[in-house]
Structures are given as structure tokens and as C-alpha cells.
Amino acid sequence: MREGTFSSALHEPRTAVVIGRWLGAALLTCFLTGLLSHLLQEPPTWLRDHLPSRPVNGYRVTQGLHVISGIAAIPLLGAKLWTVYPRLFEWPPARSVAHALERLGIAVLVGSMLLELFTGLLNTLQWYPWPFPFRQTHFWLGWLAVGGLLLHIAVKAPLIAQHWRRVRPALAQRRAFLGAVTASVAAVTLTTAGQTVPWLRGLTLLAPRRPDIGPQGLPVNRTAAQAGTGTAPADWRLTVDGPRPYELTMGQLLAMPQYEAELPIACVEGWSASARWGGVRVADLLARAGAPASARLRVTSLEADGPYRVTDMPAAHARDPLTLLALRVNGETLMPDHGYPARIIAPNRPGVLQTKWVTRMEALR
């Protein structure tokens, strides 16, 4: 704890500022794209009817960027903490009330960042070794981390401004250290981003998913066995509720005009994959039920439970001509793991809301 214990010349403000710029950019990108994902999954009432269905790949891009920037932030945070950790152990730990508050803020900032990034990383693996709900905790930790980051920047603004520009002579060790950090970030990014970026797919050595591997060429998060929908009821009917409610058998659905659309499934874990989906336009089903153009859609799955057994769809998505009640994928009848007998597929929509094993559709005013 004594002065001079940490002897590396890289424990200095200029190195911390350079790493901090990169880390701040990654964290703000991750926060903003994560906030967008949260709003798409649980939109507040004032926003619910204004969510766009285009661009088609909007959620694929933003959620992919969310996971890519979050993974890249992990080695950056490690490098930042290594650069400044002598200050974390300085003695005495508090020289005044203001200094104590500053250090408390740093403790909250570091703790929330570590927890946010590593729980997010484990979410990409669908591993939840903790008792608290991930999505809600992740959301509020994001606000806590970004709030702490902005407060920290405000407190350290004079020091940051002083060391923002490079001065001569530069430390030779700094160049090597920053090069090593850059190489580390590039390595983890290039070997994981292929689960979202098609032209990097051959480099997905560390990615938890290969988007081209799975039943019918697509990954599956929740299988039919897990949902208890491995066998569809022999008397399955699609119920469409509205001013003129009706039911349809599979034969009657297949007799309706059929359409195809090239659409991605983009999941919150960061992977995405495109497929050719075939089925009936949701807009046609709602029109047959006499639903107004402004009607939202509620979709109910055959699965007995699960957080997304019932999902709501904004009117813009429900009326988009690309939104289908899909019966086929890549020219084949849906397998149970992909939602047989029918599933929702819509543009610019989180994968968890692309409801599988659909049994009921209800027009909402």
C-alpha cells in the first residue's frame, strides 16, 4: 500500500485516458443497443404503437452490436482496471468526506460494470447460476453502470482533458501495452462476432452458437421437449379472435394464399440467422376477423408456461406484409423445435417474440 509499491510506468493518467476512451465507447454502445432491445421486448404504453417493423434487419444489427460491444468491453475493462488499480489500494482509503464519496462511487461503478458484463456474457451461453432474474437485473445494472460512468467522467474531467492529447516524448511501454490490448479486443471480437456477422462466420471459434447449425439449418433456444409441445394435438385449430372470430384447421390454412419472406431470427444472446419462411400473412388473418388496421395482436402458444407464452405485437408489425404465420421454413414443413404446427415470423423483432407453437391470435384495440 506504500508509495512506489506498484512500479510500472504504465500506471499513469495518459494510459488510463486512452483505454478509458475505448471502454467508454464500447459501454455506451452496449447500453444504448441494450436499451433498444429492452424497449422492443417490453415497450411502455406511450411507445407501444410507434415501434417500426422496418428495417427488416434492424434488431439483428442492434442486438448483434450489443453483444459484440459487450464482449469487447471485457478485455478493455480488465486493461483499464490494471492501469488504475494502484489508486484503488491507496492509503489512507479516504482523506476527506468528498474523497470517501468519490471512492464509493468508483466502487459502485466497478462492481456494476463487472457484474453487468459477466452476467451478460453468461447469458450468451444461456447459463444462469444466480437466484435473481437476469433480464430485469441486467437492465437496472446497465443504468447504474452508465450513471456511475458519467459521474466518474464529470469528476475526472480536468484530469481527462489534461491527458487527452498525446505529448512527446511518449512512453515506449505504452505503445506495446495498447497494441496488446488492441490485439486482445480484436481476437475476442473476430472469434465471436460471426454468430451475427455472416462474413465472419468462419472465425466463430469462441462464439457460443453457429447460426447455421441446428434443425432445418437454424439454431434453437427453446426446444419442443422443453416447452412440452413435441406432439401437436390431433385436433389442433388456429383460433383467430376479433369482431368476426373464426377457427381454421391446418388444411384450411394451407388453402389460403401462401407467401414467402426472407427474414432473420435474431436472439437476445447475440446470434442471428436468415431463412426463407412460408405461410399465411398475419394481416390477411386479421382482416378476415374484421380487425381494424390499428389493432394490435396478441399471440398465444401451445406451451403450458414460459415468460413468452403470450406475446403482443404492435399494429405496424401485424399489418406488415412480411409478417407471417409461418408453416414452412426453407421449403420444409416446420419441425416441432421450430414451432410446428405454426409460428410467428416478423421483421425487426426480437427472437423471443417470434412465438412458436401458435394456437390463438387475438386482435386488440
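The values are calculated or read from the model by the stated rules, or taken from the named source; none is laboratory data. All figures in this text were calculated on a predicted structure; none of them were measured in a lab. Don't worry about glycine lacking a Cβ; one is built from the backbone with ideal geometry, like all the others, and counts go over all protein chains shown. Surface areas here come from the heavy atoms of the whole protein model, side chains and all, with no ligands, DNA or RNA. Shrake-Rupley method; radii C 1.70, N 1.55, O 1.52, S 1.80 Å.
Can you find, within region 293-311, the residue that is farthest from the chain's Cα centre (by Cα) among those that are farther than 13 Å from residue 358 by Cα and at pLDDT 95 or above? The qualifying residue farthest from the chain's Cα centre (by Cα) is 295.
Could you check region 254-309 and list, in sequence order, the residues that are charged (D, E, K, R), part of a loop (DSSP other than H, G, I, E, B) and open to solvent by 50 Å² or more (accessible area, probe 1.4 Å)? Can you show your working first?
If we filter region 254-309 for residues that are charged (D, E, K, R), which is where we start, we get 260, 262, 269, 276, 281, 284, 288, 296, 298, 303, 305, 309.
Checking which are part of a loop (DSSP other than H, G, I, E, B) leaves us with 269, 303, 305, 309.
Of everything in region 254-309, those that are charged (D, E, K, R), part of a loop (DSSP other than H, G, I, E, B) and open to solvent by 50 Å² or more (accessible area, probe 1.4 Å) turn out to be 305, 309.
Beta carbons closer than 6 Å, at least 6 apart along the sequence or on distinct chains, pair a first residue in region 305-326 that is closer than 14 Å to residue 43 by Cβ with a second that is open to solvent by 50 Å² or more (accessible area, probe 1.4 Å) and of a type in the set (S, T, N, Q) for 315/294. When residue 163 is tested against (1) modelled with pLDDT under 95; (2) open to solvent by 80 Å² or more (accessible area, probe 1.4 Å), just one condition goes unmet, and that condition is (2).
Only one of the numbered conditions (1) under 26 Å from residue 296 (Cβ atoms); (2) in a helix (DSSP H, G or I); (3) in contact with a Leu (Cβ under 9 Å, 6 or more places away or on another chain); (4) modelled with pLDDT under 95 is violated by residue 46, and that is (3). Before we move on, is residue 104 in a helix (DSSP H, G or I) and either of a type in the set (S, T, N, Q) or at pLDDT 95 or above (or both)? For residue 104, the condition - in a helix (DSSP H, G or I) and either of a type in the set (S, T, N, Q) or at pLDDT 95 or above (or both) - is not met. Residue count for region 227-253 satisfying the condition of being aliphatic (A, V, I, L, M) and open to solvent by 40 Å² or more (accessible area, probe 1.4 Å): 2. Summed over region 220-246, the residues that are under 12 Å from residue 363 (Cα atoms), part of a loop (DSSP other than H, G, I, E, B) and touching a Lys or Arg at 6+ places or on another chain (Cβ under 8 Å) give a count of 1. Where residues in region 85-99 are in a helix (DSSP H, G or I) and open to solvent by less than 40 Å² (accessible area, probe 1.4 Å), which of them is nearest to residue 185 (Cα to Cα)? This residue is 86.
Does residue 350 satisfy the condition of being modelled with pLDDT under 95 and under 20 Å from residue 222 (Cα atoms)? Give the steps one after another, and end with the answer.
Working: modelled with pLDDT under 95: no; under 20 Å from residue 222 (Cα atoms): yes.
So residue 350 does not fit the description; no.
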